[in-house]
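First up is the structure itself, then whatever we jot down about it.
The values are calculated or read from the model by the stated rules, or taken from the named source; none is laboratory data. Just so it is clear, the model here is predicted, and its values are computed rather than measured. Cβ placement follows ideal geometry from the backbone for every residue including glycine, while neighbour counts extend to all protein chains displayed.
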Amino acid sequence: MIYLKKTLKILFAISTCFIFFASLLLLTQYSRASESNKEKSKSSEQSENNLDYITPDLVNKVYNDVKDDNIIAVREEYNKDFEEGHIISQSVNPGIRRSNKDIIEVVVSKGSNLKEVVDVIGLPVEEASMKLTEVGFSPVVKLVECNSPEGTVLGYSNGYNLGDLVRIDEPISIDVAS
């Protein structure tokens with residue numbers, strides 16, 4: 001009986017210690033979780049309150065003057081209303097509050113797709129082709145039998161005249177002496 005009482009007292013003491021340490025462990029875990037939630041909440045509030053940048057109006061600005069890690073050109077397109085290299089549109093409207101980490105995507109103008117027909121008459125075909133390609137045209141050579149020196153450009157076979165505005169995505173045919 002005495003052994004039973006001593007055994008029960010020892011078991012009671014051990015279980016009390018176990019419960020005490022288990023409770024202490026649970027409280028520590030709860031405290032850490034609570035602090036973590038407070039940090040997340042604080043971080044979330046800071047990020048919501050970190051909207052301290054006002055989106056600038058980038059339209060018609062020169063892209064190379066304003067580009068940075070947060071202003072990215074997503075594409076280029078022809079536009080007769082904007083000079084080459086100028087911003088046509090932006091993904092975030094001007095005046096909107098934003099985070100300093102928000103990306104603004106912009107579309108940049110390649111300029112007008114209309115180019116002026118240049119003077120290539122009398123030039124050798126290689127030089128004329130290079131000159132037209134530099135402007136943005138895709139020259140197509142049409143050989144014509146005549147008395148002019150072989151390989152010399154005689155004119156435009158599309159009926160274009162010097163100074164005409166032509167879309168650069170249209171082929172431009174040149175008559176070349178054969």
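Whether a residue is in a strand (DSSP E or B), out of contact with any Phe, Trp or Tyr (no Cβ under 8 Å at 6 or more places or on another chain) and within 21 Å of residue 170 (Cβ to Cβ) was assessed, and residue 74 does not pass this test. Summed over the range 154-178, the residues that are closer than 25 Å to residue 112 by Cβ and outside any loop (DSSP other than H, G, I, E, B) give a count of 9.
Return a yes/no flag: does the range 130-140 have any residue that is outside the structural domain of residue 66 (by TED's automatic domain parsing), more than 30 Å from residue 67 (Cβ to Cβ) and in a loop (DSSP other than H, G, I, E, B). No, the conditions are met nowhere in the range 130-140. Taken over the range 99-119, the criterion of being part of a strand (DSSP E or B) and farther than 15 Å from residue 58 by Cα is satisfied by 114, 115, 116.
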